[in-house]
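Each remark here refers to the structure printed beneath this line.
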Amino acid sequence: MLAQLQLSGDLAELLRDFLEQQGDVDCDLYTGLQSFSLSSRMSFAQWWTLLDKMQARFPARSIGLALGQSVRSKHLGVLGYLTLASDTLAEALTAFQRYQRLLHDGDKAAISIQNNVVVMSWTSDFGPSTPLSDEVLLAGLLSFIRQITAKPDLAPLQIDLTYAAPVFSDEYRQVFNAPVVFSQAATAIHFPLAYLSLPVSNSDAGLRHILERQAQAALAVLPDNEGFTQLLRGVLLRALQNGRAGSADVAATLNMSERTLFRRLNEQGLSFKMVLSQLRVQLAREYLADTRLSQSEIALLLGYSEQSAFNRAFKRETGLTPRQCQRRRS
């Protein structure tokens, strides 16, 4: 589902700026990036494809980390300038959390405090992102925090990434200046609670109020696709539990016709089968991590009539059998 959700066209400028810095503008990739305006949106699928093309042009570099280190306030639109005008890092992160949909749809950052450690994390409720995209996210967030606090050496306590460790991972440690833990349940950055009181070097209360009104206005005109998909996923979760996950039953639960359900999904470039399949894969990954559950029990929990149907569907969506997925986690 995440592939169909959208993010800000401002991020295309990040890629353009990087290519310009490298003196690599005579290419189809740079030309194609001109089609994204600052007020446009692109899908995550488009973003992932662009990142893959960037990596192909610079095969010797960890392009996600390099792009993240190049993030500036202009690449985040009004959200970037709003955080830049905050008084403290705590206020900046709160603004980021509140208005992050201006930057992207999908999973939102959650901020928690435990034992004097602040954890900013992202789940994968809308499906997994790509390693390159997560690298841009975390390296970019840390780079931006260092900029607005004027502390270029500021170091987090730990970085969590959901994918397996690459063969060469030394650069992660160099970029983040912190331990990097792979194959985690969620993408996250950990840092000391004391960092929240760090002042923002360009704080401007008057400008912040103006920018906050702009952010509220920009948020109000974004299409409300996310609310519907979240609602649908919640209904599907309950429907799988009671064995009534057919489109007709789900539409009835949503108090709409099956035809209206299909139309609402089609408007977002989605299909009922796609949403159900992606939700099942997400749940399957979580169930497969629990060694107490057999594969036949998992198939039943996901609403499959038999284990073989579950095995086929899981491999079709992930390229792995359920057993191979379990082995990779062990």
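Things worth noting here:
- Residue match in segment 5-22 (condition: over 23 Å from Pro131 (Cβ atoms) and open to solvent by 20 Å² or more (accessible area, probe 1.4 Å)): yes
- Some residue of segment 45-57 being among the basic types (Lys, Arg) and either touching a helix residue (DSSP H, G or I) at 6+ places or on another chain (Cβ under 8 Å) or open to solvent by less than 30 Å² (accessible area, probe 1.4 Å) (or both): yes
- Qualifying residue in segment 14-35 (condition: at positive phi, at pLDDT below 90 and out of contact with any Lys or Arg (no Cβ under 7 Å at 6 or more places or on another chain)): no
- Filter result for Phe58 (at pLDDT below 90, of a type in the set (A, V, I, L, M, F, W, C) and over 18 Å from the mean Cα position of the chain (by Cα)): no
- Taking the criterion of being in a helix (DSSP H, G or I) and crowded, with 16+ Cβ neighbours inside 10 Å, the residues of segment 236-246 that qualify are Leu236, Ala239, Leu240.
- Qualifying residue in segment 164-171 (condition: at negative phi, among the polar types (S, T, N, Q) and either touching an Asp or Glu at 6+ places or on another chain (Cβ under 8 Å) or touching a residue at least 12 places away in the same chain (Cβ under 8 Å) (or both)): yes
Per-residue answers, yes or no, for (1) part of a strand (DSSP E or B); (2) closer than 22 Å to Ala12 by Cβ; (3) in contact (Cβ under 8 Å) with a residue 60 or more places away in the chain:
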{"residue": "Lys53", "(1), (2), (3)": "no, yes, no"}
{"residue": "Pro59", "(1), (2), (3)": "no, yes, no"}
{"residue": "Lys74", "(1), (2), (3)": "no, yes, yes"}
{"residue": "Thr94", "(1), (2), (3)": "no, no, no"}
{"residue": "Arg101", "(1), (2), (3)": "no, yes, yes"}
{"residue": "Ser112", "(1), (2), (3)": "yes, no, no"}
{"residue": "Ser121", "(1), (2), (3)": "yes, no, yes"}
{"residue": "Phe126", "(1), (2), (3)": "no, yes, yes"}
{"residue": "Gly140", "(1), (2), (3)": "no, yes, yes"}
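- Every condition in (1) farther than 20 Å from Lys151 by Cβ; (2) part of a loop (DSSP other than H, G, I, E, B); (3) not acidic (Asp, Glu) holds for Trp48 except the one numbered (2).
- Within segment 156-181, the set of residues being open to solvent by 20 Å² or more (accessible area, probe 1.4 Å), at pLDDT 95 or above and assigned to a loop (DSSP other than H, G, I, E, B) comprises Leu157, Asn177, Pro179.
- Scan segment 249-294 for residues that are outside any helix (DSSP H, G or I) and of a type outside the set (S, T, N, Q) and the total you get is 8.
- Of all residues assigned to segment 148-161, at least one qualifies as being more than 22 Å from the chain's Cα centre (by Cα) and in contact (Cβ under 8 Å) with a residue 60 or more places away in the chain.
- Options Gln278, Gln307: the member that is over 22 Å from Gln184 (Cα atoms) and either free of Cβ contacts under 8 Å to residues at least 40 places away in the same chain or buried (at least 16 other Cβ atoms within 10 Å of the Cβ) (or both): Gln307
- Within segment 56-81, the set of residues being under 18 Å from Glu20 (Cβ atoms) and not small (Gly, Ala, Ser) comprises Arg57, Phe58, Arg61, Ile63, Leu67, Gln69, Val71, Arg72, Lys74, His75.
- Evaluated against (1) polar (S, T, N, Q); (2) touching a residue at least 40 places away in the same chain (Cβ under 8 Å); (3) farther than 17 Å from Phe96 by Cα; (4) assigned to a loop (DSSP other than H, G, I, E, B), Ser203 falls short on exactly one condition, (3).
Okay, residues lined up against (1) touching a residue at least 24 places away in the same chain (Cβ under 8 Å); (2) farther than 20 Å from Lys108 by Cβ; (3) touching a Phe, Trp or Tyr at 6+ places or on another chain (Cβ under 9 Å):
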| position | (1), (2), (3) |
| --- | --- |
| Arg173 | no, yes, no |
| Phe191 | yes, no, no |
| Ala215 | yes, no, yes |
| Phe228 | yes, no, no |
| Thr253 | no, yes, no |
| Glu258 | no, yes, yes |
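- Any hit, segment 255-267, residues being surrounded by 13 or more Cβ atoms within 10 Å (Cβ to Cβ) and small (Gly, Ala, Ser): no
- The condition (being farther than 30 Å from Tyr81 by Cβ and either of a type outside the set (D, E, K, R) or in contact with a helix residue (DSSP H, G or I) (Cβ under 7 Å, 6 or more places away or on another chain) (or both)) is satisfied by just one residue among Leu222, Leu270: Leu270.
The values are calculated or read from the model by the stated rules, or taken from the named source; none is laboratory data. For clarity, every value in this text was computed on a predicted model and none was experimentally measured. Methodologically, a virtual Cβ is constructed for each residue, glycine included, from the backbone with ideal geometry; neighbour enumeration extends over all protein chains shown. These area figures cover heavy atoms from the full protein model, side chains too; ligands, DNA and RNA do not enter into them. Shrake-Rupley method; radii C 1.70, N 1.55, O 1.52, S 1.80 Å.
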